[in-house]
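Taking it in order: structure first as structure tokens, then the write-up.
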Ligand code: ZN
């Protein structure tokens with residue numbers, strides 16, 4: 001696995017706590033862009049090329065996680081969730097709390113063992129507010145020396161190769177797209193005849209916030225959002241629910257959240273699909289019932305911004321680790337580059 005991808009997957013950055021990911025993105029984008037800045041909201045924005053048209057690429061850099069809410073007198077830590085987390089994935093997981101010195105404090109997400117549950121309790125799923133984090137210290141006083149109320153909590157970082165092109169990693173949603181965005185900037189020629197802005201957005205998982213502020217500022221003629229989407233190639237998901245498969249190419253999104261999210265304009269849809277066909281880039285089509293991306297706020301910003309979405313099919317998103325195929329990341333890069341070149345000429 002390439003070092004940049006690994007660093008992004010292993011880094012910590014729940015919504016609003018993206019500084020470390022922002023640093024990695026700033027360093028990586030500096031090598032492939034003309035300039036890089038971080039705006040007031042925490043978005044990292046790189047610029048490359050010169051010309052009449054403005055093109056924006058967006059990939060959110062925040063991950064889902066938790067924040068320390070309370071420490072009880074015995075040293076157990078209670079938390080809130082930040083972003084969409086199903087409580088059922090939490091019990092027994094190893095987490096890391098990032099303290100104000102930047103140290104990572106390991107903890108275990110504890111719950112009452114089944115032996116001690118009443119028959120009634122055992123039937124019900126455990127809720128997150130009944131769970132706690134055990135960091136191995138036995139008083140509130142000791143815990144508060146290493147952890148503060150308000151510190152971010154991430155799942156224990158992991159990243160690696162399962163088999164061939166199939167990789168796994170924490171925060172694949174959406175660090176694999178951050179990685180792809182750097183590669184897109186790298187592949188665009190020097191002195192490209194349009195201004196291309198690569199924007200690593202903040203706070204997507206909690207209401208698509210950085211996509212809104214950054215697209216307002218950039219005011220592009222055309223935007224591409226790169227994100228992950230739910231792959232359906234696993235037990236329990238019928239093709240009619242999601243036919244997306246890892247390894248079959250990046251997905252061109254047509255409509256998100258049954259229309260509550262982005263409805264990609266016809267001419268953008270055609271532009272992207274034509275770019276894929278002309279360049280023989282592996283792709284799939286994504287029509288999704290739930291879930292939306294920064295695209296939803298970018299395309300409704302100002303007087304409306306032409307926006308397309310590339311989604312990388314990923315298994316187990318919003319869990320402590322996800323599985324993806326590196327070939328889909330590569331096809332996302334290829335299709336983003338081909339679409340940008342075509343958009344500059346034809347839109
Ligand atoms: Zn995402």
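A few remarks follow.
- Ordering 90, 310 from the fewest to the most neighbouring beta carbons within 10 Å gives 90, 310.
- Ordered by the count of other Cβ atoms within 10 Å of each Cβ, fewest first, 315, 140 give 140, 315.
- With contacts taken as Cα pairs under 8 Å and at least 6 residues apart, the stretch 65-155 reaches a relative contact order of 45 percent.
- Residue exposure sequence - 306, 109 - by fewest surrounding Cβ within 10 Å: 306, 109
- Normalised contact order of the chain, rounded percent, pairs of Cα under 8 Å and 6 or more residues apart: 23
- The value of relative contact order for the stretch 219-347, using C-alpha pairs under 8 Å at least six residues apart, is 37 percent.
Where a number appears in this text, it was derived from the coordinates with a stated rule and is not lab data. Quick caveat: nothing in here was measured; it's all calculated off a predicted structure. Methodologically, a virtual Cβ is constructed for each residue, glycine included, from the backbone with ideal geometry; neighbour enumeration extends over all protein chains shown.
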